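Asker: Would you mind keeping the following structure in view while I ask a few things?
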Amino acid sequence: MKRHHPEVDINPEPGSPSDQSIMKFISVTSDTWSFKDPGRIDLTKSAVNFNACSLQSLSRVDDPNFRTLLHKAQPAYILPSRKHLTRLLPERTTQLHANNLTCLNAVDAICLTLDLWSSRDMRSYVGITGHFIEDFKLKSVMLACRRFKGPHTAENILLNYQQVTCSFNIERKITTIITDDAVNMIKALQLFLDLKKIT
């Protein structure tokens, strides 16, 4: 190594800058959980749940303050990158959908809130939340929070609404739908009521 990298001090004096750098590297790597460590796996699952269950932006994991918070809470844990968490999210969201589906299968009646909005970069989103009584307690679940593509017509709103309600098998359990008084929303719900009369 000395022959190819003469600038590297392979036998640094104790306390020298080179020695401190090496000791710091050894300390960091030895104190960090391995990839298969149960603690690391459990905390990574918690990070995925944090994003999936509370609908947090994945950019949160890039926030230096958030990473510092986790490091101070558990120095042995290194938060996975945004790219890695992105690969883990689909499996967790599939599990959440299955859990919600099982829960809603036992429900007799459900009320929905429906909203449509645009972000600052003019991307549209639709959000649908379900509310129901279970064991004499009011429960709420997020059924959808996803991109809304195309014009905000009543027909497109109705299509998104039907896709979500059909995916949870709750079409015939809906008692009330709450939304704003936008013309396209009102027309979409009127189209839905007209379809119910036909079927």
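Values in this text are rule-based calculations from the coordinates and carry no lab data. Because the structure is a prediction, the values reported are computed rather than measured. Using ideal geometry, Cβ is built from the backbone for each residue, glycine included, and neighbour counts are taken over all protein chains shown.
Asker: Looking at the square roots a ≥ b ≥ c of the eigenvalues of the Cα gyration tensor of segment 106-198, which shape do they give, rounded for a/c under 1.5, prolate if a/b is larger than b/c, or oblate?
Answerer: Working: a/c = 2.07, a/b = 1.39, b/c = 1.49.
Oblate is the answer for segment 106-198, as a/c is 1.5 or above yet b/c matches or exceeds a/b.
Asker: Could you tell me whether segment 32-93 comes out rounded, prolate or oblate from its Cα gyration tensor? Rule is a ≥ b ≥ c as square roots of the eigenvalues, rounded for a/c under 1.5, then prolate if a/b exceeds b/c, otherwise oblate. Numbers along the way, then the final one.
Answerer: Numbers: a/c = 1.88, a/b = 1.23, b/c = 1.53.
Since a/c reaches 1.5 but b/c is at least a/b, the shape of segment 32-93 is classed as oblate.
Asker: Rank by packing, highest mean first: peptides 130-141, 155-166, with packing defined as the count of other Cβ atoms within 10 Å averaged across residues. Could the numbers behind the result be given before it?
Answerer: Values: 130-141: 12.6, 155-166: 17.4.
Taking the mean over residues of other Cβ atoms within 10 Å, the ranking is 155-166, 130-141.
Asker: How much net charge surrounds Ile128 when only the other residues with a Cβ under 11 Å from the Cβ of Ile128 are counted, with Lys and Arg +1 and Asp and Glu -1?
Answerer: On the way: positive: Arg146; negative: Asp115.
With Lys, Arg at +1 and Asp, Glu at -1, the net is 0.
Asker: Report the net charge of residues surrounding Pro64, where surrounding means a beta-carbon distance below 14 angstrom and charges are Lys +1, Arg +1, Asp -1, Glu -1.
Answerer: Numbers: positive: Arg60, Arg67, Lys72, Arg82; negative: Asp62, Asp63.
It works out to a net charge of +2.
Asker: Separate question: Quick one: what are the phi-derived ³J(HN,Hα) couplings along segment 40-53, Karplus 6.51/-1.76/1.60 with θ = phi - 60°, whole Hz, x for glycine and proline?
Answerer: Result, ordered by residue: 5, 4, 5, 5, 5, 4, 5, 5, 5, 4, 4, 7, 6, 7 Hz.
Asker: OK, next. With each label point set 7 Å from Cα along the Cα-Cβ vector, what nm distance links Lys72 and Ala182?
Answerer: 4.1
Asker: Within segment 89-129, what residues put their amide N at less than 16 Å from the label point 7 Å along the Cα-to-Cβ vector of Gln190?
Answerer: The answer is none.
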